[in-house]
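Notes for the one structure printed next.
The values are calculated or read from the model by the stated rules, or taken from the named source; none is laboratory data. Bear in mind that the values here come from a model prediction, so they are computed numbers and not experimental data. Cβ atoms come from the backbone with ideal geometry, glycine included; neighbour counts cover every protein chain shown. Accessible surface is based on the protein model in full, side chains and every heavy atom, while ligands, DNA and RNA are left aside. Shrake-Rupley method; radii C 1.70, N 1.55, O 1.52, S 1.80 Å.
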Amino acid sequence: MTAKYRVAVAGCGAMANEWVRYALKRDDVEIVALVDLRRESAEAMNARYGLSAPFFHSIEDAISATGADLVFDVTVPESHYGIATAALNRGCHVFSEKPLAETMPQCNGIVAAAERSGKTHAVMQNRRYDPRIRSLRRMLTDDVIGRTGYIGASFFLGPHFGGFRDIMKSPLLLDMAIHTFDQARFISGADPVSVYCQEWNPPGSWYAGNASAICIFEMSDGSVFAYQGSWCAEGAPTSWEASWRIQGERGTAIWDGIGMPYAEIVDADGPEGKFVREHQRVDGGEISMNETFHAGCLEEMFASLAEGRAAETDCRDNRLSMAMVLGALESARRGCKIDIGEYMQQEGVLQPS
């Protein structure tokens, strides 16, 4: 029996293992092609998982030769625009690692290609599929703290990666902040309106580019999202999920990125007229999920295909998270506040697909 989804895996590096392991658990998926610049990477993938998928240097050749109808794009960021548009233009759905693309014109180009083709393009935002952040989000949707006015995220870690991140121009914002920015949109249900950002490289940094940043976003619900972060912060680290404080009209929700979230809200039964009012604690409830993180996001992507709807991380939605990253970089470059809506309309030279 022919599988429902014939998958070409573009990029056979370490991250592709997460994608392949999930795909092999599904009865409706067959991996029909492996695409990489290095044949030995594809051969190692075949051997590791007992596959017999043919090797190709280009996604175009892989689709033509195998009849693939779904592409896993697990290539480096600079390849995402070319892989996505080539696959969409040839009638394939695309599931892609983050980021959507490297520039706003490329992001816009992928969205346009998806709309022309009528095919799905969705982006891996695995941190949405964490039961703890789903619990935090539910506290807001259930109106536990009332209308939100402020969301703050602090991210301070000191990873010594080596390799390409050490020489990037803006390693924190370009490589990591997309997760936290997308989480802020997911938690709040609001989209960015404007951003002011300052980035810098502090003393002691082992990065060539700016490894620290502060960003202030105005959001569509009238709230403010403030991000402060560093990738060269030695000592007292936050979680990789950041440390969150969300201020509402009736109280505050807290998530340290490690345990479960909780809120402290005004005690309705407390005495009136106190200088500092009394509060009661509300713990975030457990969220049941079939799959979490990468597998959870992939499960949602496949469900969107089966149900004929846009995925939660569809390229049209993810473009707003990318606009936060790229708009912040533009704000830092110009030294002024950026209107996100205007910034998203920019056009530019695209790579050939």
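Output the qualifying pairs, or none if there are none: Cβ atoms under 6 angstrom, residues six or more apart or on different chains, first residue in region 23-39 and in contact (Cβ under 8 Å) with a residue 12 or more places away in the chain, second residue open to solvent by 80 Å² or more (accessible area, probe 1.4 Å).
Asp28/Lys4
Residues in region 293-305: is at least one part of a loop (DSSP other than H, G, I, E, B) and closer than 28 Å to Pro192 by Cα?
no
Got a sec? Which of Thr103, Thr120, Thr85, Thr141 is closer than 20 Å to Glu300 by Cα and of a type in the set (Ser, Thr, Tyr)?
Of Thr103, Thr120, Thr85, Thr141, the one residue that is closer than 20 Å to Glu300 by Cα and of a type in the set (Ser, Thr, Tyr) is Thr120.
Find all pairs meeting these conditions: Cβ atoms under 9 angstrom apart; at least six residues apart or on different chains; first residue within region 322-344 and farther than 12 Å from Phe181 by Cα and of a type in the set (S, T, N, Q); second residue in a strand (DSSP E or B) and at pLDDT 95 or above.
Ser331/Ser194; Ser331/Val195; Ser331/Tyr196; Ser331/Cys197; Ser331/Gln198; Ser331/Cys215; Ser331/Ile338
Checking Ala114 against (1) farther than 21 Å from Trp19 by Cβ; (2) in contact with a strand residue (DSSP E or B) (Cβ under 6 Å, 6 or more places away or on another chain); (3) open to solvent by less than 10 Å² (accessible area, probe 1.4 Å), which test does it fail?
(1)
Filter region 18-71 for residues that are open to solvent by 30 Å² or more (accessible area, probe 1.4 Å) and within 22 Å of Asn126 (Cβ to Cβ) and give the result.
Correct list: Glu18, Arg21, Leu24, Lys25, Arg26, Asp28, Arg48, Tyr49.
Out of curiosity, is Leu298 buried (at least 18 other Cβ atoms within 10 Å of the Cβ), under 30 Å from Tyr5 (Cβ atoms) and in contact with an Asp or Glu (Cβ under 8 Å, 6 or more places away or on another chain)?
The answer is yes for Leu298.
Give the residues of region 306-353 that are of a type outside the set (A, V, I, L, M, F, W, C), at pLDDT 95 or above, outside any helix (DSSP H, G or I) and more than 24 Å from Arg26 (Cα to Cα), sorted by residue number.
Gly335, Lys337, Asp339
I need the full set of residues from region 46-66 which are of a type in the set (S, T, N, Q) and over 21 Å from Leu88 (Cα atoms), in order please.
Asn46, Ser52
Applying the selection to region 195-220, what residues are under 21 Å from the mean Cα position of the chain (by Cα) and either surrounded by fewer than 19 Cβ atoms within 10 Å (Cβ to Cβ) or free of Cβ contacts under 8 Å to residues at least 12 places away in the same chain (or both)?
Tyr196, Ile214, Ile216, Glu218, Ser220
Filtering region 160-194 down to residues that are open to solvent by 40 Å² or more (accessible area, probe 1.4 Å) and touching a residue at least 12 places away in the same chain (Cβ under 8 Å), which residue is nearest to Arg138 (Cα to Cα)?
That would be Gly189.
Do we find a residue being open to solvent by 20 Å² or more (accessible area, probe 1.4 Å), farther than 27 Å from Ser135 by Cα and in a loop (DSSP other than H, G, I, E, B) anywhere in region 238-259?
No; the residues of region 238-259 include none that is open to solvent by 20 Å² or more (accessible area, probe 1.4 Å), farther than 27 Å from Ser135 by Cα and in a loop (DSSP other than H, G, I, E, B).
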